[in-house]
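Read through the structure below, which is laid out as structure tokens, and then see the notes.
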Amino acid sequence: MAKRPRAAGKSDPIPDDVLDRLYGQPPEEFVANRDAAAKELRDGGHRAAADAVRALRRPSAPAAAINRAVRADPAQARALLDAAGDLRRAHETVMSGGGDRDAMRAATAAERQAVNAVAATAAGLTGGGAPSADLERRIRDTLEAVALDPDVREQFAAGRLEKDARAAGLGPDFPVTAPRPQPAKRGRQDQAKRKAERERQKLQDAVRRAEQAVERRRREAGAAEQARERADAALKEARRRVREAEADLRRARKAAGSRSPLR
């Protein structure tokens, strides 16, 4: 369950204006602003508040973007809170045996539309250009948790989210999410496609290895053929030299016999 930001009070000394100032700034400025606020409180004699501020953690990127979106368009944030409340009530009515599924579907569609609107605003406030697909997914997950998690809902309403959340896990106050499940058949088809793709990749790898082996063997055969040709040439040259040597020997013997003295 999401951690709840502390507000001013006897058991929680951080002033609301300090929290609003911290959570309304870009995340990269949070640490410097937090430390400055803690020093200001400590210098003013508010030691407990200073320690509590010092313990605050920098919001995650999705949480920071949503906090800024809440401040940028309060009516849009209010619409999401209202749609989340309508969705919870519609579900409770269906689960208790009253109401109808059409009302539940309409409430779900309205909640998703409200999530889309706030998500688009938050995505435009992330800084650094277009947000990544992962960051957009985490923003959406957190906004969908507004309908499910009372702590997330409270932090969202105040614009003081500390971290992103997931609309997973069923709480006793709201036993179901508004999921978008993939049909089982689709899941099996996707699994079969992934398996076929893995097998295709294996076959391609095997073909590539076989082609590389053939190329190596061709190079080896070419080298062997060149070596054989060089050996044949060396053999021919050696035989030629043998013939020349034998001819020289014959001439030498003939010359030696013609010079022998008569008996």
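Give me the pairs: first residue in region 99-123 and closer than 17 Å to residue 88 by Cβ, second residue modelled with pLDDT of 90 or more and of a type in the set (Lys, Arg), beta-carbon distance under 7 Å, and six or more apart or on different chains, which are they?
Filtered contacts from region 99-123: 115/140.
In region 13-49, how many are modelled with pLDDT under 85 and not in a helix (DSSP H, G or I)?
So the count comes out to 6.
Does region 122-153 hold any residues that are under 17 Å from residue 59 (Cβ atoms) and modelled with pLDDT under 85, and which are they?
Within region 122-153, 125, 126, 127, 128, 131 qualify.
Name the residues in region 98-157 that are within 20 Å of residue 24 (Cβ to Cβ), surrounded by fewer than 17 Cβ atoms within 10 Å (Cβ to Cβ), under 25 Å from the mean Cα position of the chain (by Cα) and not hydrophobic (A, V, I, L, M, F, W, C), would you?
Once the filter is applied, which keeps residues that are within 20 Å of residue 24 (Cβ to Cβ), surrounded by fewer than 17 Cβ atoms within 10 Å (Cβ to Cβ), under 25 Å from the mean Cα position of the chain (by Cα) and not hydrophobic (A, V, I, L, M, F, W, C), region 98-157 yields 124, 127, 128.
Kindly establish whether residue 90 is crowded, with 22+ Cβ neighbours inside 10 Å and either basic (Lys, Arg) or over 25 Å from residue 24 (Cα atoms) (or both).
yes
The values are calculated or read from the model by the stated rules, or taken from the named source; none is laboratory data. The model shown is predicted, which means the values in this text are computed figures rather than measured ones. Please note: Cβ atoms are built from the backbone with ideal geometry, for glycine as well, and neighbour counts cover all protein chains shown.
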